[in-house]
Structure formats: C-alpha cells, structure tokens
1. Quick one: what pairs do we get from the range 14-40, first residue open to solvent by 30 Å² or more (accessible area, probe 1.4 Å), second basic (Lys, Arg) and near ligand 1 (Cβ under 8 Å from one of its atoms), C-beta under 9 Å, 6+ apart or different chains?
2. Could you check the range 45-67 and list, in sequence order, the residues that are surrounded by fewer than 17 Cβ atoms within 10 Å (Cβ to Cβ) and touching a helix residue (DSSP H, G or I) at 6+ places or on another chain (Cβ under 8 Å)?
3. I want to confirm something. Restricting to the range 75-107 and keeping residues that are closer than 23 Å to ASP34 by Cβ and not in a loop (DSSP other than H, G, I, E, B), which single residue is modelled with the highest pLDDT?
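The values are calculated or read from the model by the stated rules, or taken from the named source; none is laboratory data. In this text the structure is predicted, and so the values were computed from the model without any measurement. Quick reminder, even Gly has a Cβ in these numbers, built from the backbone with ideal geometry, and neighbours come from all protein chains shown. When the accessible area is computed, the model is the full protein with side chains, heavy atoms only, and any ligands, DNA or RNA have been set aside. Shrake-Rupley method; radii C 1.70, N 1.55, O 1.52, S 1.80 Å.
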Amino acid sequence: MYLVADISVEICAAKSCKLCTQYCPEANTILYSDELGKDKGFKYGSAYVAVDRCKGCAQCVWVCDNMAKNNAIKMIMIDQLPVAALTDNVTYGEKSTTATLVSPVVG
Ligand code: SF4
Ligand code: SF4
C-alpha cells in the first residue's frame, strides 16, 4: 500500500482553478471533469487523480494548499480512497483499487 493524492470534489468544484493539473510531474495523472460535482449542485467540475499513475510526490498538495490556497488535496493510503479513478479505462467510481468503470469521465 502507498499514498496517493485524493481531491475533495466538494472543495475543488467550488473553486475549479485547475492549477494542480499544470504542476503534476506525471502526465495524464491529474485530470479534470466538467461532470464531477454537478450532482452536488456545483456549476463547474473538479480535478481528480488517476491513482494508478500517481507517484505520491505530493507536489499537487503543495500547489493546492500554497498557490491556490484551496486545501482540496490530501495524501491518503490507496486502499482508503472513497472513490478511485484509473488510467486504462479512465474511471471514477465506487471505491476500489481495482476500480471498475461506472461511467466514462467526460470533460
Ligand atoms: S489546485 Fe486544488 S482547487 Fe485547484 S483544481 Fe487542483 S485540486 Fe482543485
Ligand atoms: S502526488 Fe504527485 S504524482 Fe500524484 S497526483 Fe499529486 S503531483 Fe501528481
């Protein structure tokens, strides 16, 4: 088990600054969906992490906390994720470290 970045949709969708997506050193790891947060009444979407690509460097945490001042990202153990997104068939669904595709992330 290892630490990966987990983004709070509630916090991120309220801000939607997208700053972290520019600073993650791993390609296609912090992604952005216009759909995330809509079910919670947010107008704009949220960033999310393809956890199988996340190297646990926590650079995104620094960016969100110190540059964006939003504190939306925490490092948590991968098996503690409430939801997971994987790269292969980009998913964002019920908690699983072998996440199954609920619906493709759009946006
Ligand atoms: S920097 Fe924080 S608030 Fe901005 S998009 Fe990333 S996670 Fe969301
Ligand atoms: S912890 Fe590092 S690799 Fe993982 S999403 Fe954040 S910046 Fe990218």
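1. These pairs meet every condition: TYR32/LYS18.
2. Within the range 45-67, just MET67 meets the criteria.
3. VAL83
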